[in-house]
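Student: Let me begin by handing over the structure; questions about it come next.
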Amino acid sequence: MGAIDSDFTQRLQAIIETAIDGIISIDARGHIEMMNPAALEMFGYHIDEVMGQNVSVLMPEPYHSEHDGYLQRYHDTKEARIIGIGREVTAKRKDGSIFPFRLAVSEVILNDRVIFTGVIHDLTEVKQAEEELIRVNEKLENLVEERTNELEEVVNRLLSTNQQLKENELKLQESLDKEKELNELKSRFVSMASHEFRTPLSTILSSAQLIGRYTTEEQHPKREKHIGRIKSAVANLTGILNDFLSLSKLEEGKVEVGLSPINLTDLCQLIHDEVQGLLKPGQTICHEHTGEPIVNSDERILKNVLFNLVSNGIKYSGENSTITCRSEVSEESIKIDVKDEGIGIPEAEQKHLFNRFFRASNVETIQGTGLGLNIVKEYIELLGGSIDFESEEGAGSTFKIIIPKK
Ligand code: ADP
């Protein structure tokens, strides 16, 4: 029996001596009774240096100071914090360095004596590996963030290049559209010009031929009639040429506004005189003015605008009708209305009225280029003003201009 016991003790001894984990046992007061070689190596002590010492020498603060109290509390209350649980703590080597380990403590009662045995597994390498892992992880995270930023920058650059490309495409499209519009304008212009020039030119030709045949004194009134026709055809051609000229000047931005004092009543009288040749039998022009007649504006532009509006009023109304020109000057603005009792503009077509070359469907054989109102609008806008109109087909139209004084 004794031989078996001693054999078992020897085996147990050998196991403890060769165990990789450290084993420490202490008595109920915390004094070290045994430390195996692994534990001694971990802490850097010789067995003689620790035998009988309080186990707290192996502990750093605050465990070092708290350990006695902890044992006492366990003694009194049996409330365990480590026993049977195991946890990660830190320990202090002989040289003062601290290292982490996992501690599992068991309590044994042997011959009525309490012994606590702690099994210690050094976690230095595990912790180092963990720390290394955290470090590598952080490095990776930083790298990912760096790469993400770089990528974001590349994406932003791509987006802005894309935006630039889109803008360029838009500009190209715009200039293409403009070119297309210009080509369309050119071809419309050529067809309109050839049509509008042919009629007055053939009138001039036929009237000139007839005049050549009217040789006698009695045929003088007939000659006069044809001379009148030639004059009006020439005036018509001049009007068209003037429109072309105004249009190309406006297009090139060559129209400059020059302000000078103008007497509106005189200007209206001038227009009145100039359009006499255009009046149909029984047509009258009347002018009403309220307010100060002298205004500061561009005379050439205003004259062109009024001539255009009044001659349209004459052209698009019948015999025995009245064209009324009302001007009103206030502190803030110059207002001019030109009203006729003519054919009016079909409601559905009114929205196109200021478009270049637009002519309403009810003009029939009345000659025109569809340029006048477009020019008028651009001129008025050059003066900082605006133009509007009211019209009813068959009843008449009123064109209204407002030019602010400042
Ligand atoms: P044009 O008289 O040479 O055709 P405008 O640009 O002056 O060119 O006028 C454009 C169109 O607007 C005219 O063809 C006509 O259909 C319409 N219009 C202009 N003024 C009047 C008006 N006083 N009464 C009726 N229609 C008008």
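The values are calculated or read from the model by the stated rules, or taken from the named source; none is laboratory data. Computed from a prediction, not measured in an experiment: that's the story for all the values here. Reconstructed Cβ throughout: ideal geometry from the backbone, glycine too, with neighbour counts over all protein chains shown. Side chains included, ligands, DNA and RNA excluded: accessible areas come from the protein's heavy atoms. Shrake-Rupley method; radii C 1.70, N 1.55, O 1.52, S 1.80 Å.
Student: Can you tell me which of R135, R188, R223 is among the charged types (D, E, K, R) and either loosely packed, with under 10 Cβ neighbours inside 10 Å or under 25 Å from K280 (Cα atoms) (or both)?
Tutor: When all the criteria are applied, what remains is R223.
Student: Only residues that are of a type outside the set (A, V, I, L, M) and under 20 Å from S232 (Cβ atoms): list them for the range 261-302, please.
Tutor: H272, D273, E274, Q276, G277, K280, P281, G282, Q283, T284 - these are the residues of the range 261-302 that are of a type outside the set (A, V, I, L, M) and under 20 Å from S232 (Cβ atoms).
Student: Please determine whether any residue of the range 205-214 is β-branched (V, I, T) and in contact with a His (Cβ under 7 Å, 6 or more places away or on another chain).
Tutor: Checked the range 205-214: at least one residue is β-branched (V, I, T) and in contact with a His (Cβ under 7 Å, 6 or more places away or on another chain).
Student: Okay, moving on. Can you say whether E107 is outside the structural domain of Q367 (by TED's automatic domain parsing) and open to solvent by 80 Å² or more (accessible area, probe 1.4 Å), as far as the supplied structure shows?
Tutor: Here the answer is no, as E107 does not meet what is asked.
Student: Right, another one. Return the residue satisfying two criteria in turn: it lies in the range 360-389 and is hydroxyl-bearing (S, T, Y) and under 37 Å from the mean Cα position of the chain (by Cα), and of such residues it is nearest to the ligand (Cβ to nearest atom).
Tutor: Ranking the candidates gives Y379 first.
Student: Hey, K94 hits all of (1) in contact with a helix residue (DSSP H, G or I) (Cβ under 7 Å, 6 or more places away or on another chain); (2) farther than 14 Å from T117 by Cα; (3) not in a loop (DSSP other than H, G, I, E, B) but one; which does it fall short on?
Tutor: (3)
Student: Based on this model, can you work out whether K351 counts as free of Cβ contacts under 8 Å to residues at least 12 places away in the same chain, outside any strand (DSSP E or B) and either of a type in the set (V, I, T) or not assigned by TED's automatic domain parsing to the domain that holds E196 (or both)?
Tutor: Here the answer is yes, as K351 does meet what is asked.
Student: To continue, here is another question. Restricting the search to the range 347-359, which residues are closer than 22 Å to N242 by Cβ and either open to solvent by 20 Å² or more (accessible area, probe 1.4 Å) or more than 10 Å from the ligand (Cβ to nearest atom) (or both)?
Tutor: F354, N355, R356, F357, F358, R359
Student: Also, quick follow-up: Please go through the range 271-304 and give me each residue that is of a type outside the set (D, E, K, R), outside any helix (DSSP H, G or I), buried (at least 17 other Cβ atoms within 10 Å of the Cβ) and touching a Leu at 6+ places or on another chain (Cβ under 8 Å), ordered by number.
Tutor: Selection gives I285, V295, S297.
Student: For the range 83-104, state whether one or more residues are loosely packed, with under 10 Cβ neighbours inside 10 Å, modelled with pLDDT under 95 and hydroxyl-bearing (S, T, Y).
Tutor: Looking through the range 83-104, none of the residues is loosely packed, with under 10 Cβ neighbours inside 10 Å, modelled with pLDDT under 95 and hydroxyl-bearing (S, T, Y).
Student: Also: Which of the numbered conditions does F399 fail, given that it passes all the others? Conditions: (1) within 13 Å of the ligand (Cβ to nearest atom); (2) at pLDDT 95 or above; (3) out of contact with any Lys or Arg (no Cβ under 9 Å at 6 or more places or on another chain); (4) under 17 Å from L267 (Cβ atoms).
Tutor: (3)
Student: For the range 306-344, what are the residues that are in a helix (DSSP H, G or I), within 11 Å of the ligand (Cβ to nearest atom) and open to solvent by less than 10 Å² (accessible area, probe 1.4 Å)?
Tutor: Matches in the range 306-344: L309, V310, G313, I314.
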